[in-house]
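One structure below.
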Amino acid sequence: MQAVRNSRFGPAGDVLEYGEVPLPHPPGKGEVLVRQRATSVNPIDCRRRGGYGRALLRLRGIGGFPQILGCDVSGEITAVGPGVSELQLGDAVFGAKSPSVRGTYAQYCLVKAAEVIRKPPELSFAEAAALPYAFLSAWAALTDAGFRAESAAGRRVFLQGGSGGTGVVTLQVCKALGAHVAVTAGPQGVDLCRRLGADEVFDYRTEDFSRHLDQFDFAICLADQSEEAKMISILGPGPGTGYATIVHPLMSLVDTKGLLRGGSEAARTFLRNRRAQKRHHRAYAWSLFRPDRAALELLAELTEKGTVQAVIDRTYPLSATAEAHEYSESGRAKGKIVIEID
């Protein structure tokens, strides 16, 4: 099969190689083999390509070379492993694969059956590839902060970074569930966020959101943890409020200072900040992507209703994945960068 892989860390143009690689082995228990039709570029892919998280990923057994990056799954099932009953051969599916050395920048990928569901027919394969990993990463942060779908109506949610690939889907889901949503965006993303339904939009280059917002229930950092104090300052006091970030220092500290020193420093920082918020009865969390079938089904339901739509900035063929990474790292993308796979 054709795939894009890297055998060392470095710039996209230097290390990402398009070519022929062996097919994955047949699916094992609880797995399916998917013929990929599309995937997407997530910031974590670019950061992993540069070496981010290498220490902790190595401990988990997924840090070696060569590696195929990519997490978003969108395609058709071509083989089903033992113990899989909810999916069948030929099903069009979408979902997100946990980080591994055999990711989704390839014509075929193995994935746990629990990590994919049937693709709504309303979504093209490219659109389906633009949604899962970004949404599930943000959903982990939202739920860690205390947000719940069944009680979202009327709650006030702040999303820092509303026009990026993660922000555009999270903004729509929160609005579809009845929340009041405020976001930050760059100058080119302000109008996009308004079109997607944001109640309040702040140009982060010219406006300080913390001067205008207060008594919010949740603040979610999707872009820049340096503004953590400002995000926390807009929260109201009391149970049922919280802050969570998907941009935190754990992996970087372990990469630069080692497991013992870096892990200890991260733990001290996290516990200190969590204690500070606990005094105000607020949740405080550092969140990472995690599979969540119920959340993926919620996302599918909302796309079927038309209340959540994929926002695609650009598409690239698999052979141009290095260019897609370079565009992602330019910071100009509004919405997702999708890779279409022949």
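Scoring GLU20 on the criteria (1) touching a Ser or Thr at 6+ places or on another chain (Cβ under 7 Å); (2) under 15 Å from LEU318 (Cβ atoms); (3) open to solvent by 20 Å² or more (accessible area, probe 1.4 Å) leaves a single failure, condition (1).
Checking PHE147, PHE158, PHE135 one by one, the residue that is closer than 26 Å to ARG332 by Cβ, more than 16 Å from the chain's Cα centre (by Cα), of a type in the set (A, V, I, L, M, F, W, C) and modelled with pLDDT of 95 or more is PHE158 and no other.
Going through the range 206-225 one residue at a time, which ones are surrounded by fewer than 19 Cβ atoms within 10 Å (Cβ to Cβ) and within 23 Å of the chain's Cα centre (by Cα)? ASP224, GLN225, listed by residue number. Using the structure shown, decide if GLU228 is touching a strand residue (DSSP E or B) at 6+ places or on another chain (Cβ under 8 Å), of a type in the set (Asp, Glu) and open to solvent by less than 30 Å² (accessible area, probe 1.4 Å). Here the answer is yes, as GLU228 does meet what is asked.
When the range 279-297 is filtered for residues that are out of contact with any Asp or Glu (no Cβ under 9 Å at 6 or more places or on another chain), part of a helix (DSSP H, G or I) and touching a residue at least 24 places away in the same chain (Cβ under 8 Å), the ones remaining, listed by number, are ALA295, GLU297.
Examine the range 258-272 for a residue that is outside any helix (DSSP H, G or I) and farther than 25 Å from LEU57 by Cβ, and state whether such a residue exists.
Keep residues of the range 258-272 that are outside any helix (DSSP H, G or I), which gives none.
Within the range 258-272, none of the residues are outside any helix (DSSP H, G or I) and farther than 25 Å from LEU57 by Cβ.
In the condition set (1) of a type in the set (S, T, N, Q); (2) crowded, with 24+ Cβ neighbours inside 10 Å; (3) under 26 Å from THR245 (Cα atoms), SER74 is compliant with all but (3).
Residues being touching a residue at least 60 places away in the same chain (Cβ under 8 Å), outside any loop (DSSP other than H, G, I, E, B) and under 26 Å from GLU297 (Cβ atoms): count how many of those fall in the range 49-93. Residues in the range 49-93 being touching a residue at least 60 places away in the same chain (Cβ under 8 Å), outside any loop (DSSP other than H, G, I, E, B) and under 26 Å from GLU297 (Cβ atoms): 3 in total.
For the range 237-260, the criterion of being within 21 Å of the chain's Cα centre (by Cα), surrounded by fewer than 18 Cβ atoms within 10 Å (Cβ to Cβ), over 14 Å from ARG155 (Cα atoms) and at pLDDT 95 or above is satisfied by no residue at all. Within the range 169-185, the residues that satisfy the criterion of being buried (at least 20 other Cβ atoms within 10 Å of the Cβ) and part of a loop (DSSP other than H, G, I, E, B) are LEU177, ALA179. The residue list VAL4, VAL15 contains one member that is under 17 Å from TYR108 (Cα atoms), β-branched (Val, Ile, Thr) and touching a strand residue (DSSP E or B) at 6+ places or on another chain (Cβ under 8 Å), which is VAL4.
Cβ separations smaller than 9 Å between residues 6+ apart or across chains give the following pairs from the range 211-227 residues that are closer than 19 Å to ASN273 by Cα to residues that are of a type in the set (Asp, Glu): ALA219/GLU228; CYS221/GLU227; CYS221/GLU228. One residue stands out in the range 186-203 among those that are in contact (Cβ under 8 Å) with a residue 12 or more places away in the chain, acidic (Asp, Glu) and not in a loop (DSSP other than H, G, I, E, B): the one that is surrounded by the most Cβ atoms within 10 Å (Cβ to Cβ), namely GLU200.
May I ask you to list the residues in the range 313-339 that are of a type in the set (S, T, N, Q) and either modelled with pLDDT under 95 or over 16 Å from the mean Cα position of the chain (by Cα) (or both)?
Keep residues of the range 313-339 that are of a type in the set (S, T, N, Q), which gives 315, 319, 321, 328, 330.
THR315, SER319, THR321, SER330 - these are the residues of the range 313-339 that are of a type in the set (S, T, N, Q) and either modelled with pLDDT under 95 or over 16 Å from the mean Cα position of the chain (by Cα) (or both).
Among the listed residues GLY189, GLY178, GLY164, identify the single one that is on the phi > 0 side of the Ramachandran plot and among the small types (Gly, Ala, Ser). One residue alone meets the criteria, GLY178. Scan the range 195-213 and give yes if some residue there is modelled with pLDDT under 95, touching a Ser or Thr at 6+ places or on another chain (Cβ under 7 Å), within 19 Å of TYR243 (Cα to Cα) and polar (S, T, N, Q), otherwise no. Within the range 195-213, not a single residue is modelled with pLDDT under 95, touching a Ser or Thr at 6+ places or on another chain (Cβ under 7 Å), within 19 Å of TYR243 (Cα to Cα) and polar (S, T, N, Q). For the range 97-129, filtering for residues that are surrounded by 23 or more Cβ atoms within 10 Å (Cβ to Cβ) and in contact with a helix residue (DSSP H, G or I) (Cβ under 7 Å, 6 or more places away or on another chain) leaves 3.
The values are calculated or read from the model by the stated rules, or taken from the named source; none is laboratory data. Nothing here was measured: the structure is a model prediction, and the numbers come from that model. Here Cβ is always computed from backbone atoms with ideal geometry, including for glycine, and neighbour counts include all displayed protein chains. Just so you know, the surface numbers come from the protein's heavy atoms only, side chains and all, with ligands and any DNA or RNA stripped out. Shrake-Rupley method; radii C 1.70, N 1.55, O 1.52, S 1.80 Å.
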